[in-house]
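Colleague: Sharing a structure below in structure tokens format, with a few things to ask.
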Amino acid sequence: TPSPASMTGPDSICYSPGTAFPFTVPNSLGNTFSWTTTNASLNGTPTGTTANATFPNTGQAIISVSTVNQYGCHSDTLNKIVEVIPLPTAVAGPNVSFCTGSSGSIGGPANPGYSSYLWTPTTGLSNASSSNPTVTLTDTGTTPITVNYVLTVTESGCTDTDTVQVTVNPLPTVN
């Protein structure tokens, strides 16, 4: 019984427990397939050309499949190594409040492993791609204005987001 010629499916994924990823082999007329895993779980007991796997931990996992003929004989096993990448952690920092004419800092120290930081919106930021930009906003009204800034961090193609609320208070009015 020939082993499957190839297996399609991701070589690496961002850690997402509970999300199923499909792995597929070409059809082999009159045969079924036996799927197994290391550091992963299969949804059900697949015997067809596709198996869906979940990955409960970060690190390396292996998806394995062999062809099974009508007599129950197994072929050699075809293995696919999958790298499960940990998610970065975005830290937008505590909410900030200041009076118009002043400024405040959001975020925190840079993590050297993270390839990018992106703040949205960019209004009033000293640097929208910094881990801890300074916010300078002006409130010309008589009530506070609030802006929610969302930080998106990326590491090895995986992302995470966090939000911080910035409130700018107006100066007192003179009658």
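Colleague: Filter region 1-54 down to the residues that are aliphatic (A, V, I, L, M) and modelled with pLDDT under 95, then identify the one that is surrounded by the fewest Cβ atoms within 10 Å (Cβ to Cβ). Can you show your working first?
Modeller: As a first pass, look at region 1-54 and keep what is aliphatic (A, V, I, L, M): 5, 7, 13, 20, 25, 29, 40, 42, 51, 53.
Okay, now just the ones that are also modelled with pLDDT under 95, so 5, 29.
Working: ALA5: 10, LEU29: 4.
Restricting to residues being aliphatic (A, V, I, L, M) and modelled with pLDDT under 95, the top hit is LEU29.
Yes/no matrix, rows are residues, columns are (1) out of contact with any Cys (no Cβ under 7 Å at 6 or more places or on another chain); (2) in contact (Cβ under 8 Å) with a residue 24 or more places away in the chain; (3) open to solvent by 20 Å² or more (accessible area, probe 1.4 Å):
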| position | (1), (2), (3) |
| --- | --- |
| GLY72 | yes, no, yes |
| LEU87 | no, yes, yes |
| ILE106 | yes, yes, no |
| TRP119 | yes, yes, no |
| SER129 | yes, no, yes |
| CYS158 | no, yes, no |
| VAL166 | yes, yes, no |
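Colleague: If you don't mind, there's one more thing I want to ask. Which one is nearest to ASN79 (Cα to Cα) among residues in region 12-32 that are assigned to a loop (DSSP other than H, G, I, E, B) and of a type in the set (A, V, I, L, M, F, W, C)?
Modeller: The qualifying residue nearest to ASN79 (Cα to Cα) is VAL25.
Colleague: Of the residues VAL82, VAL153, VAL147, only one is over 30 Å from VAL65 (Cα atoms), open to solvent by less than 30 Å² (accessible area, probe 1.4 Å) and either of a type in the set (S, T, N, Q) or at pLDDT 95 or above (or both); which? Before you say what the answer is, go through the steps one by one.
Modeller: On the way: VAL82 fails: over 30 Å from VAL65 (Cα atoms); VAL147 fails: open to solvent by less than 30 Å² (accessible area, probe 1.4 Å).
Exactly one residue qualifies, and that residue is VAL153.
Colleague: I've got another one for you. Select from region 59-105 the residues that are farther than 30 Å from THR120 by Cβ, out of contact with any Lys or Arg (no Cβ under 6 Å at 6 or more places or on another chain) and hydrophobic (A, V, I, L, M, F, W, C) and list them in ascending order.
Modeller: Selection gives ALA61, ILE62, VAL65, VAL68, CYS73, LEU78, ILE81, VAL82.
To keep it simple, each residue is scored yes or no on (1) over 22 Å from ILE13 (Cβ atoms); (2) over 25 Å from the mean Cα position of the chain (by Cα); (3) not acidic (Asp, Glu).
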position: LEU29; (1), (2), (3): yes, yes, yes
position: PHE33; (1), (2), (3): no, yes, yes
position: LEU42; (1), (2), (3): no, no, yes
position: THR47; (1), (2), (3): yes, yes, yes
position: ASN52; (1), (2), (3): no, no, yes
position: THR58; (1), (2), (3): no, no, yes
position: THR67; (1), (2), (3): yes, yes, yes
position: ASP76; (1), (2), (3): yes, yes, no
position: ILE85; (1), (2), (3): no, no, yes
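The values are calculated or read from the model by the stated rules, or taken from the named source; none is laboratory data. Computed from a predicted structure; not experimentally measured. Cβ sites come from the backbone with ideal geometry, for glycine too, and all protein chains shown count toward neighbours. Side chains are part of the model used for accessible areas, which takes the heavy atoms of the whole protein and leaves out ligands, DNA and RNA. Shrake-Rupley method; radii C 1.70, N 1.55, O 1.52, S 1.80 Å.
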